[in-house]
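Reading through the structure tokens given below for one structure.
The values are calculated or read from the model by the stated rules, or taken from the named source; none is laboratory data. Just so you know, these numbers come straight off a predicted model, no measurement behind them. Glycine gets a Cβ as well: all are built from the backbone with ideal geometry, and neighbour counts include every protein chain shown. Keep in mind that these areas ignore ligands, DNA and RNA; they rest on the heavy atoms of the full protein, side chains included. Shrake-Rupley method; radii C 1.70, N 1.55, O 1.52, S 1.80 Å.
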Amino acid sequence: MTAEIPVRPPEPPTIDAKPPQQAPVQQRPTRLLAPLRETGKLFALALSVTRDVFRRPFQVREFIEQFWFIASVTILPAALVSIPFGAVIALQVGSLTQQLGAQSFTGGASVLAVIQQASPLIVALLISGAGGSAICADLGSRKIREELDAMEVMGVSPIQRLVVPRVLATMFVAVMLNGLVSVVGTLGGYFFNVIMQHGTPGAYLASFSALAQLPDLYISEFKALIFGFIAGIVAAYRGLNPRGGPKGVGDAVNQSVVITFMLLFFVNMVLTAIYLQIVPAKGS
């Protein structure tokens, strides 16, 4: 008997297996680009709101409701805050003019400071703190409940339906409250200067008429209009982009107020510098 020799099956040809190539890892954007991206989105929202103002149909009822709400929560605090502001400015300016021997110019200097600087800022800060925070919370709650996404699915623009009336309401309320704050602040400054610093009423009014001019009121109303627009846009932007659910809505409200404050002081500086360069002082 012959012994069977086991036959080994042929080995398959070896193929040089190469490791699978990994997809290139995308680097995360640096933190320095995040503020630029947020700024770009904010400007894009401002352009969208400006464009949708002229689109039809205009939400008249929503505008009236928001106008009444913002006015109701800001008119009394604005009137009360303007009194100490006018008093502080009058007292400080009056003390300075006494040291310089120019007490007759106290009225004009204090009134111009109230009209040009204090009044628009007071109005904008109160609108941002009271009305803007409510706008941000309302839009943020709608966002986390996916109401805004449902509106987009149905073909309704949330910006035209919700944002535009709110921004216009903040602008109109700011312009109207600016006149009230200017009057109340001027009366408060007059009272404290005449009563507490023993100023002359005739000299107070004469210096005001000698230094003040109509463009001072124009720039005050223009500042109030721009500041109201900024407050509404920032509140709407943070409300449309909350992060982290209900807690993110609260954080967005705080962020909207802080961002608005920073933008208001920067824009006020720019507008004041431009105004002083374009409009010459009275009597110069």
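General remarks:
- To the nearest ten degrees, helix 60-100 and the longest principal axis of the Cα atoms of the chain are 50 degrees apart.
- The phi torsions of the stretch 261-269, fed into the Karplus equation with coefficients 6.51, -1.76 and 1.60 and a -60° offset, translate into couplings of 4, 5, 5, 4, 5, 5, 5, 4, 5 Hz, rounded to whole numbers, with Gly and Pro shown as x.
- Taking θ as phi - 60° and the Karplus parameters 6.51, -1.76 and 1.60, the scalar couplings of the stretch 206-214 work out to 5, 5, 5, 5, 7, 9, 7, 8, 5 Hz in sequence order, x denoting glycine and proline.
- All C-alpha pair distances within the stretch 161-271, sorted into 5 Å bins from zero, spread as 2, 11, 14, 16, 15, 12, 10, 7, 5, 4, 2, 1, 0 percent across the bins.
- On full extension, the segment bounded by ILE195 and ILE64 gains 43.0 nm, given 0.36 nm per residue less the C-alpha separation.
- Averaging the Cα positions of each part gives two centres, and for the stretch 186-204 and the stretch 33-74 these lie 41 Å apart.
- Pairs of Cα atoms nearer than 8 Å and 6+ residues apart set the relative contact order; for the chain it is 28 percent.
- Helix 164-195 axis, angle to the chain major axis (alpha carbon atoms, nearest 10°): 30
- Packing rank of 45-56, 254-265, where each peptide gets the mean count of other beta carbons within 10 Å, highest leading: 254-265, 45-56
- Applying Stokes-Einstein at 10 °C and 1.306 mPa s to the Kirkwood radius of the chain, computed over alpha-carbon pairs, gives a translational diffusion coefficient of 71 µm² s⁻¹.
- For the stretch 234-284, the calculated P(r) over all alpha carbon pairs, in 5 Å bins from 0 to the bin holding the longest distance, is 4, 19, 18, 13, 11, 9, 8, 7, 5, 3, 2, 1 percent.
- Protein heavy-atom accessible surface, 1.4 Å probe, per residue over the stretch 126-284: 47 Å².
- Of the accessible area of the stretch 126-284, computed with a 1.4 Å probe over protein heavy atoms only, carbon and sulfur atoms account for 72 percent.
- Computed from phi, the 3J(HN,Hα) profile of the stretch 149-157 under the Karplus parametrisation 6.51, -1.76, 1.60 (θ = phi - 60°) reads 5, 5, 5, 5, 5, 7, x, 9, 7 Hz, with x in place of Gly and Pro.
- Directionally averaged projected area (convex hull, Cα atoms, the stretch 189-246), nm²: 7.1
- Angle between the chain longest axis and helix 33-52 axis [Cα atoms, degrees, rounded to 10]: 70
- Theoretical FRET efficiency, 1/(1+(r/R0)^6), r = Cβ-Cβ of THR50 and VAL88, R0 41 Å, to 0.05: 0.65
- Listed residues ALA124, ALA150, ALA235, most fluctuating in the chain (Gaussian network, C-alpha, under 10 Å): ALA150
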